[in-house]
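Note sheet for the following structure.
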Amino acid sequence: MRYLVLLNNGVQEWETWRDLSKEEADRSRAEQMPRWESAIAWMSEQGIEATGLELEDPANARVVRVRDGEQVATDGPFAETKEVLGGYFLADCKDLDQAIEPAQCIPLVDKGSVEIRPLASQ
């Protein structure tokens, strides 16, 4: 079964990240990489096939809506929220329990959250 593992960061984390210089951001990312590599290795050891990507800052997002036949693209997202989507994994697991296990290994879980959603049957 396939699951979408949504990696939600706290809004404050994004705001802090924006204030970093390029050098500080690169250093911070380099410091975090061993935890991400460990989490990905652990998933592989458990037989979980996963691929994923990091998303850019939500300030760079656009939201598209069509209302009454008119397309409107706005800067976004503007939802009142305490967390924003920062990345995802697409994981192939034997069941939901196996999909839940890696959540504790995801480096951002201590400041954000990990949402696990089964893909709709096709």
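The values are calculated or read from the model by the stated rules, or taken from the named source; none is laboratory data. All values reported here derive from a predicted model rather than from experimental measurement. As a convention, Cβ positions derive from the backbone with ideal geometry for all residues, glycine included, and neighbour counts pool all protein chains shown. Protein only, heavy atoms only, side chains kept; ligands, DNA and RNA dropped before computing areas. Shrake-Rupley method; radii C 1.70, N 1.55, O 1.52, S 1.80 Å.
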Response to the item:
Here the residues within the range 29-81 that are within 27 Å of V11 (Cβ to Cβ), among the small types (G, A, S) and either without any contact (Cβ under 8 Å) to a residue 40 or more places away in the chain or open to solvent by 90 Å² or more (accessible area, probe 1.4 Å) (or both) are A30, A61, A73, G76, A79
Worksheet item: Which of the residues that make up the range 82-95 are surrounded by 13 or more Cβ atoms within 10 Å (Cβ to Cβ) and of a type outside the set (F, W, Y)?
Response: E83, V84, L85, G86, G87, L90, A91, D92, C93
